[in-house]
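Asker: Okay, handing you the structure first.
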Amino acid sequence: MSMDTPIVPIIVKRKKVIVSGGHHGGAWKVAYADFVTAMMAFFMLMWLLNATTEQQRQGLADYFSPTLAINRSSGGGASSFVGDTVFTEETLTRQGVGASTHYPTESIGARGSSGLDNQGAQDAQTHDTFQQVVDHLQAQSGESIREDDLMKHIVTQVSDQGLVIELFETDHARLFDHDNTPSALLIELLSIVAQSAEIVKNDIAIETHVASKPVVLANQPQWSDTMVQANAVRRAFEQVGFDPKRVARTTGHADRLPRVANPLAGRNNRVEIVFLR
């Protein structure tokens with residue numbers, strides 16, 4: 001008896017081979033790493049700009065400034081083509097860096113690698129100078145009832161310009177009369193400030209401010225009033241014994257810089273004596 005032989009299917013497996021130059025699947029990682037590095041540098045820069053002072057930022061800029069590998073002192077004479085260099089005091093640009101040692105001066109001589117090495121000491125000295133003025137003003141209070149009433153019109157603060165001594169008026173005590181001449185109150189306040197100014201040598205700036213006028217008025221004399229008042233304060237300052245050579249400038253700001261939110265408030269009428277840095 002014969003049996004039928006089962007038919008076995010034939011399976012053909014074809015492999016597709018792709019010949020290439022190599023593996024390229026990781027190129028995006030390099031680009032991503034560069035992006036992350038750039039973002040980290042960007043946020044570091046933002047943090048430095050927020051956490052450093054202007055002097056420190058200038059020092060960082062000077063650190064990354066290109067320099068020339070040339071000796072800063074000459075090995076020969078002091079004239080052209082006889083050993084002179086471009087790094088002498090007469091030819092150096094006034095950037096605070098790179099001054100030579102031939103003729104150093106305080107204004108253009110270098111003060112270290114970045115020109116800012118003693119900036120902290122200068123700031124501390126300036127702060128101590130301003131504090132002496134503030135202490136002298138505070139010492140005026142408590143001596144008499146009149147002195148206490150005068151000191152209520154004085155406010156001090158330190159700004160980028162220097163020490164600001166603000167003299168302001170109240171509803172019952174005005175600094176200027178109607179013709180913009182200094183009142184008796186302002187003369188007494190200027191006398192107190194002049195006494196405190198004798199203990200320092202800083203120059204001063206005189207700045208005046210006034211309150212706004214109602215818009216219904218046809219004449220708006222704020223600019224002219226503050227200019228007249230600033231000159232009047234300068235003359236009154238000289239009358240109480242202040243050295244006129246120490247007055248660096250007088251400025252009238254009109255009503256553009258109010259002290260309080262209400263531009264019509266009398267608190268905006270004030271005189272600022274700025275002891276400049």
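Each reported figure results from applying straightforward, stated rules to the coordinates on display, with no laboratory input. All figures in this text were calculated on a predicted structure; none of them were measured in a lab. Backbone-built Cβ (ideal geometry, glycine too); neighbour counts: all protein chains shown.
Asker: Taking the Cβ of Thr170 as the center, what net charge do the other residues with Cβ under 9 Å away carry, scoring Lys and Arg +1 and Asp and Glu -1?
Answerer: Net charge in that neighbourhood comes out at +1.
Asker: Bin all alpha-carbon pair distances of region 191-276 at 5 Å intervals from 0 and give each bin's fraction as a whole percent.
Answerer: Each 5 Å bin holds this share of Cα pairs: 3, 15, 23, 21, 15, 12, 7, 3, 1, 0.
Asker: Under a Cβ-Cβ cut-off of 11 Å, what is the net charge of the residues other than Lys213 that fall near it, where Lys and Arg count +1 and Asp and Glu count -1?
Answerer: Combined, the nearby Lys, Arg, Asp and Glu give -2.
Asker: Let me ask something else. Which of Lys13, Lys245, Lys152 comes first, and how do the rest follow, when ranked by fewest Cβ neighbours within 10 Å?
Answerer: Lys13, Lys245, Lys152
Asker: Here's a follow-up. Taking region 121-276, how much of its Cα-Cα pair set, in percent, is spaced more than 26 angstrom apart?
Answerer: 24
Asker: With 10 angstrom as the radius, rank Ser65, Ser196, Ser212 by how many other C-beta atoms surround their C-beta, starting from the fewest.
Answerer: Ser65, Ser212, Ser196
Asker: Sticking with this structure for a sec: Net charge within 14 Å of His253 by Cβ-Cβ distance, Lys/Arg positive one each and Asp/Glu negative one each, not counting His253 itself?
Answerer: It works out to a net charge of -1.
Asker: Provide Glu54, Glu198 in ascending order of the number of other Cβ atoms located within 10 Å of each residue's Cβ, fewest first.
Answerer: Glu54, Glu198
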